[in-house]
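Trainee: Take a look at this one; I'll ask things after.
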Amino acid sequence: MGRLSDFERLARMPDKARERVLAGLNGAAADALAHDWTWLARPEQLAPEGDWRIWLMMAGRGFGKTRAGAEWVRAVAERDPGARIALVGATLGEARAVMVEGASGLLAIAPWWNRPVFAPALRKLVWPNGAVATLFGATEPESLRGPQFSHGWADEIAKWAGGQAAWDNLMMGMRLGDAPRVLATTTPRPVPLVRGLVERDGDDVVVTRGRTADNAAYLAEGFVEAMERSYGGTRLGRQELEGELIAEVEGALWSRDLLERCRVGHVRAALVRVVVAVDPPASAHGDACGIVVAGLGDDGRAYVMADASVEGATPEGWARAVAAAALLHGADRVVAEANNGGAMVESVLRAAEAGLPVRLVHASRGKVARAEPVAALYEAGRVAHRGAFWALEDEMCGLVTGGGYVGPDARRIGRMRWYGP
């Protein structure tokens with residue numbers, strides 16, 4: 001075994017001994033140590049050894065994925081003046097807000113003596129040695145067509161709307177340097193893009209997994225315990241906290257592949273009718289209220305345009321959310337389920353907006369029975385999602401043919417049926 005570096009010896013010291021050493025360091029040495037990622041990082045946050053092309057870091061929320069991604073990009077840029085790096089977020093705004101300007105983004109983690117210059121108008125960061133990183137949004141996959149790169153950092157790929165096109169264009173641009181590489185950081189969702197990468201683990205892909213609790217020392221006190229109490233053992237907790245890639249539910253009415261096929265970026269048809277569908281909570285104690293906006297196009301296709309559902313709102317709060325959604329999308333009708341306190345539901349909605357065009361309906365069958373004919377419309381290509389609605393889609397993929405539900409509260413899909421004129 002080779003000789004240990006000073007940083008390695010310091011990292012292996014007991015906490016109190018290390019604190020005494022750090023207290024005795026001068027300003028320059030302390031600065032250097034504070035920016036040495038090989039010392040600060042947990043092993044799973046460091047780039048894996050070996051000959052890989054794609055590093056997929058798939059872990060729970062708060063694991064430290066953003067910090068790991070930013071530090072990997074920083075190391076690439078500082079080491080290689082010729083590096084040309086693609087920074088791809090779910091949207092261009094998220095790429096800037098999280099990957100560049102965020103609390104763990106590239107500007108925050110850079111040492112003062114080697115900080116890149118950020119030119120927002122050009123969507124570029126330039127390091128003192130000449131390395132360049134350019135920002136992109138996955139919502140505009142064609143913007144990745146043409147540029148070429150030596151490295152790429154793709155953040156939250158599981159929430160990319162129409163992500164496969166953006167990913168394909170990114171990978172086709174990885175043609176500079178001796179060994180182009182891409183780091184993809186994400187909270188897991190069983191979307192086709194993520195599933196495809198996981199299936200290639202051990203080939204040209206290396207997968208790193210992790211849990212929220214792994215980073216507990218850097219999270220707010222009590223956060224992990226609170227999340228475990230609320231979501232421990234649930235499907236949502238396994239995905240969002242444990243970093244587990246949950247398989248498709250056997251017999252589900254909707255699959256992730258089907259929803260990807262039904263996704264569009266824009267509604268090109270003229271809308272002849274817009275409806276806000278509401279599934280009110282059964283109590284006034286802050287339960288979830290499902291609010292979904294859908295439109296009927298002159299092409300005969302229904303378009304899900306927004307998921308405005310709210311969690312933990314009072315009756316006045318969710319009624320205001322309904323009124324806002326109706327105003328924003330120019331709704332012709334607000335359709336609300338009246339099984340639980342119909343008169344109260346209508347009065348609360350009209351109190352929020354007197355002119356709201358409310359229609360009450362009574363559900364005679366359960367959610368699954370009502371959802372089955374809607375799923376058939378998706379299969380026939382008669383329903384599309386304008387963009388991505390992850391919480392709604394997670395619920396849809398938990399409804400099982402013949403009855404049953406696997407997942408969080410299904411309020412969002414309570415009103416997933418089309419109401420005609």
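What follows draws every value from the coordinates through simple rules; no lab data is involved. Everything quoted here is computed from the prediction, not taken from an experiment. In this analysis, Cβ positions are derived from the backbone assuming ideal geometry, glycine residues included, and neighbour counts consider all displayed protein chains.
Trainee: At most 12 other Cβ atoms within 10 Å and a DSSP loop assignment: could you name the trypsin sites (Lys or Arg not before Pro) in region 237-314 that fit?
Mentor: Arg268
Trainee: Calculate the dipole size of region 35-240 relative to its Cα centre from +1 charges on Lys and Arg beta carbons and -1 charges on Asp and Glu beta carbons; express the result in debye to the nearest 20.
Mentor: 320
Trainee: Hey, another quick one. For region 83-126, would you read off the P(r) tail past 16 Å as a percentage of all alpha carbon pairs?
Mentor: Summing the P(r) of region 83-126 above 16 Å gives 32 percent of all pairs.
Trainee: Given the alpha-carbon gyration tensor of region 216-289, what are the semi-axes of its equivalent ellipsoid in whole angstrom, ordered largest first, with each equal to the square root of 5 times an eigenvalue?
Mentor: Three semi-axes, in Å: 33, 21, 15.
Trainee: If you don't mind, there's one more thing I want to ask. Binning every alpha carbon pair distance of region 35-240 at 5 Å from zero, what are the percents per bin?
Mentor: For region 35-240, the binned pair fractions read 1, 7, 16, 20, 21, 17, 10, 5, 2, 0 percent.
Trainee: Follow-up. Enter the Cα centre distance for the pair region 49-113 and region 167-184, rounded to the nearest angstrom.
Mentor: A separation of 15 Å, based on Cα centres.
Trainee: Okay, next question. Check each of the GluC sites (Glu not before Pro) in region 204-270 and keep only those in coil by DSSP with at most 12 other C-beta atoms within 10 angstrom; list them in order.
Mentor: In loop regions of region 204-270 (DSSP not H, G, I, E or B), the sparsely surrounded GluC sites (Glu not before Pro) are Glu221, Glu250.
Trainee: Could you list Asp36, Asp178 in order of exposure, starting from the residue whose Cβ has the fewest other Cβ atoms within 10 Å?
Mentor: Exposure proxy ranking, most exposed first: Asp178, Asp36.
Trainee: Out of the DSSP beta bridges found with both residues in region 35-240, what percent are antiparallel (nearest 5)?
Mentor: 20
Trainee: Would you mind ranking Tyr218, Tyr378, Tyr231 so that the residue whose beta carbon has the fewest other beta carbons within 10 Å leads the list?
Mentor: The order, fewest Cβ neighbours first, is Tyr218, Tyr231, Tyr378.
Trainee: Return, ordered by residue number, the residues of region 236-276 whose backbone nitrogen is under 14 Å from a label point located 7 Å along Cα→Cβ of Asp298.
Mentor: It comes to 268-273, nothing else.
Trainee: Further question: For region 129-223, max minus min Cα coordinate along each principal axis, in Å, sorted largest first?
Mentor: Its Cα atoms span 47, 37, 28 Å along the three principal axes.
Trainee: If you don't mind, there's one more thing I want to ask. How long, wide and thick is region 246-397, going by the Cα atoms along their three principal axes, in whole angstroms, largest first?
Mentor: Dimensions of region 246-397 along the principal axes of its Cα atoms: 40, 35, 26 Å.
Trainee: Could you list Phe118, Phe149, Phe223, Phe63 in order of exposure, starting from the residue whose Cβ has the fewest other Cβ atoms within 10 Å?
Mentor: Listed from fewest to most nearby Cβ atoms, that is Phe223, Phe118, Phe149, Phe63.
Trainee: Then there's this: Obtain the nm distance between the two label points defined at Glu228 and Ala324 by a simple spin-label model: each point lies 7 Å from its Cα along the Cα-to-C-beta direction.
Mentor: Distance between the two pseudo-spin positions: 3.5 nm.
Trainee: Could I ask something else about it? For Thr38 and Val400 in the same chain, what is the full-extension length gain: residue separation times 0.36 nm, less their Cα-Cα distance, in nm?
Mentor: Here the segment from Thr38 to Val400 would lengthen by 125.7 nm.
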